[in-house]
Amino acid sequence: MSNLSTKRLTKELAELQKKPPGGVTLESADNLSQWVVKVEGAKDTLYQNEVFWLRFTFPSNYPLESPEVVFVRNIPIHPHIYSNGHICLSILYDHWSPALTISSVCLSILSMLSSCTNKERPPDDSRYVAHAAKSPKQTNWAFHDDTV
Amino acid sequence: MASSDPPRDPHPPTTDERPTDQQILDYENSLRAELLADAPFVSELAGLEELEKEYEGGAEIFRKKLQELKKDYPIYRSIRKDGNCFYRAFGWRLAELLWSPSSASSFWHDTAKAVLISTRELLTSSGYEQVMIEDFYDTFLAAMKLREAPGEPTGLEVFQSEYASSTTICHLRLCTGAELKRSRDLYEGFAEMPIDEFVIKSVEPMALEADNLQISALVNAIPLVNIRIANLDTTPGSINFHEFSPMDADAKTLPVITLLFRPGHYDVLYGKNENVEK
């Protein structure tokens with residue numbers, strides 16, 4: 001891990017422990033390469049009272065390169081979330097920016113859940129899951145609609 | 001190989017004739033790696049003759065325009081073709097102007113120092129979190145030799161190090177994004193989407209090239225230089241230049257950074273009388 005990357009993760013860790021955004025709790029950060037964050041479905045949305053876990057895996061040149069972010073354990077039913085936990089959200093891939101943080105990623109994912117009006121899997125779920133690589137960063141994503 | 005073995009198909013048929021995503025990405029990455037192999041981030045100075053060689057046997061119009069350009073700008077420096085070249089060229093040229101002994105005691109140098117130091121406030125006032133931006137900011141100031149920290153790269157070392165130079169590019173991208181958000185009324189008509197979305201999709205991600213809107217915004221975010229861009233394209237006639245000047249500064253008193261633009265790429269040009277770092 002580069003110096004800067006360690007420095008940045010250490011700061012993000014402190015921030016997440018001190019003042020996490022609403023609905024976001026750091027569950028485990030045993031080392032500086034993989035963390036699990038708990039996110040709670042917002043009130044008055046289809047995911048109210050549901051709890052999910054996001055696993056962040058950081059590359060050695062984080063934050064210049066995006067972290068790998070997947071749902072684990074309990075996968076939300078959502079048109080942009082595949083049943084293997086992979087998330088189709090452009091900021092995690094093509095539109096990743098070093099200005100994004102773990103908190104801002106969690107908030108974007110929560111907002112994606114909140115704006116959902118119909119709980120269903122992506123139409124190509126079984127086909128994707130059968131062929132997908134282990135990491136969603138190895139998928140060549142096509143982003144159809146960021147507003148859902 | 002034992003002849004009794006049935007021949008193995010090295011590419012067993014799949015249910016799907018399309019290459020997999022992984023194969024597509026691997027292919028794209030290999031192309032990119034080939035393109036970047038050994039290319040320095042910022043190259044040594046070279047005469048424009050070097051550039052003319054690239055166009056030998058090419059269209060007459062390019063050769064004519066290069067000959068014309070050479071009269072005023074005989075030297076250039078090529079910048080790595082990785083989608084960050086505009087920001088890299090801008091940062092490099094700004095640093096050269098700041099490092100130059102002739103500017104050391106000038107009024108411009110004092111202004112420049114104050115403006116660059118205040119870019120932290122520019123970013124935080126546009127909503128970027130200080131915690132997240134300060135590493136990029138510190139390295140950027142170190143690149144400009146306005147800050148020194150033991151064990152960390154300064155000046156030229158920053159431009160030669162992959163990680164450090166990328167963080168300075170990131171800082172310039174965030175300055176561009178901050179200016180776009182700060183004066184959104186000014187820019188919104190030129191973006192094909194709301195400014196916040198434009199910043200997320202076309203400014204903040206690394207390796208996305210800058211276009212006119214990003215260039216105008218960066219010149220206003222860091223109002224220390226005019227940018228003059230020579231367009232090497234196929235339009236008939238002589239070579240044409242695009243000029244970008246900060247709105248709220250007396251442009252005539254500011255130094256000029258000249259860049260050469262070829263579709264998708266920027267390099268740095270040097271005029272006959274410009275002081276250049278070797």
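Being in contact (Cβ under 8 Å) with a residue 60 or more places away in the chain and part of a loop (DSSP other than H, G, I, E, B) is the filter here, so list the residues in the range B:198-231 that pass it.
Passing the criteria: B:MET206, B:ALA207, B:LEU208, B:GLU209, B:ALA210, B:ILE222, B:PRO223, B:LEU224, B:VAL225.
Go through the residues of the range A:105-123 one by one and say whether even a single one is closer than 14 Å to A:PHE56 by Cβ, polar (S, T, N, Q) and not in a loop (DSSP other than H, G, I, E, B).
yes
Collect the residues in the range B:232-273 that are polar (S, T, N, Q), in a strand (DSSP E or B) and at pLDDT 95 or above, keeping them in residue-number order.
Listed by number, the list holds a single entry, B:THR258.
Take the range A:97-112 and flag every residue that is surrounded by 22 or more Cβ atoms within 10 Å (Cβ to Cβ), among the aliphatic types (A, V, I, L, M) and over 11 Å from the mean Cα position of the chain (by Cα).
Once the filter is applied, which keeps residues that are surrounded by 22 or more Cβ atoms within 10 Å (Cβ to Cβ), among the aliphatic types (A, V, I, L, M) and over 11 Å from the mean Cα position of the chain (by Cα), the range A:97-112 yields only A:ALA99.
When you look at B:PRO194, is it without any contact (Cβ under 8 Å) to a residue 24 or more places away in the chain and not hydroxyl-bearing (Ser, Thr, Tyr), yes or no?
yes
Given (1) closer than 30 Å to B:TYR163 by Cα; (2) modelled with pLDDT under 85, identify the lone condition not met by B:PRO19.
With (1) closer than 30 Å to B:TYR163 by Cα; (2) modelled with pLDDT under 85 applied to B:PRO19, the lone miss is (1).
Would you please name the residue that is nearest to the other protein chains (Cβ to nearest Cβ), looking only at residues in the range B:188-210 that are of a type in the set (Val, Ile, Thr) and within 12 Å of A:SER97 (Cα to Cα)?
By that ranking, first place goes to B:ILE200.
Residues of the range A:92-148 being hydroxyl-bearing (Ser, Thr, Tyr) and facing another protein chain (nearest Cβ under 9 Å), which ones?
A:SER97, A:THR101, A:SER103, A:SER104, A:THR139, listed by residue number.
Do we find that B:TYR187 is touching a helix residue (DSSP H, G or I) at 6+ places or on another chain (Cβ under 7 Å), touching a residue at least 24 places away in the same chain (Cβ under 8 Å) and over 25 Å from B:ALA95 (Cα atoms) in this structure?
For B:TYR187, the condition - touching a helix residue (DSSP H, G or I) at 6+ places or on another chain (Cβ under 7 Å), touching a residue at least 24 places away in the same chain (Cβ under 8 Å) and over 25 Å from B:ALA95 (Cα atoms) - is met.
Quick test for you: out of B:ASP138, B:ASP185, pick the one residue that is of a type in the set (D, E, K, R), more than 21 Å from B:ASP267 (Cβ to Cβ), within 11 Å of chain A (Cβ to nearest Cβ) and not in a loop (DSSP other than H, G, I, E, B).
Only one candidate passes the filter, namely B:ASP138.
So the check is Cβ under 8 Å with 6+ separation or different chains; which pairs have a first residue in the range B:249-275 that's in contact (Cβ under 8 Å) with a residue 60 or more places away in the chain and exposed (fewer than 11 other Cβ atoms within 10 Å of the Cβ) and a second one that's assigned to a helix (DSSP H, G or I) and aromatic (Phe, Trp, Tyr)?
Qualifying pairs under 8 Å: B:THR253/B:TRP108.
Return the total of residues in the range A:1-42 being among the β-branched types (Val, Ile, Thr) and under 19 Å from A:PRO59 (Cα atoms).
Going through the range A:1-42 one residue at a time, the tally reaches 4.
Find the residue count for the range A:1-35, including only residues that are more than 14 Å from chain B (Cβ to nearest Cβ) and either hydrophobic (A, V, I, L, M, F, W, C) or more than 19 Å from the chain's Cα centre (by Cα) (or both).
Final tally of qualifying residues: 5.
Taking into account only those residues within the range B:158-182 that are within 14 Å of chain A (Cβ to nearest Cβ) and of a type in the set (D, E, K, R), which is farthest from B:SER216 (Cα to Cα)?
Looking at residues that are within 14 Å of chain A (Cβ to nearest Cβ) and of a type in the set (D, E, K, R), I get B:GLU162.
Matching residues to (1) within 16 Å of the chain's Cα centre (by Cα); (2) buried (at least 19 other Cβ atoms within 10 Å of the Cβ):
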position	(1), (2)
B:ALA178	no, yes
B:ILE200	no, yes
B:ASN212	yes, no
B:THR234	no, no
B:GLY237	no, no
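Could you please find all residues in the range B:110-129 being in a helix (DSSP H, G or I) and either acidic (Asp, Glu) or touching a residue at least 24 places away in the same chain (Cβ under 8 Å) (or both)?
Passing the criteria: B:ASP110, B:THR111, B:ALA112, B:LYS113, B:VAL115, B:LEU116, B:ILE117, B:THR119, B:GLU121, B:LEU122, B:LEU123, B:SER125.
Among the residues of the range B:66-109, write down those that are assigned to a helix (DSSP H, G or I), surrounded by fewer than 22 Cβ atoms within 10 Å (Cβ to Cβ) and among the small types (Gly, Ala, Ser).
Hits for the range B:66-109 are B:SER102, B:SER103.
Answer yes or no as to whether A:ARG73 is without any contact (Cβ under 8 Å) to a residue 24 or more places away in the chain, exposed (fewer than 15 other Cβ atoms within 10 Å of the Cβ) and within 14 Å of another protein chain (Cβ to nearest Cβ).
When the stated conditions are applied, A:ARG73 does not pass them.
Looking at the range B:99-135, which of the residues that are of a type in the set (Asp, Glu) and within 14 Å of another protein chain (Cβ to nearest Cβ) is farthest from B:SER166 (Cα to Cα)?
Checking each candidate, the answer is B:GLU129.
The values are calculated or read from the model by the stated rules, or taken from the named source; none is laboratory data. Remember, it's a predicted structure, so these values are computed and weren't measured experimentally. No Cβ is skipped: glycine too gets one built from the backbone with ideal geometry, and neighbour counts run over all protein chains shown.
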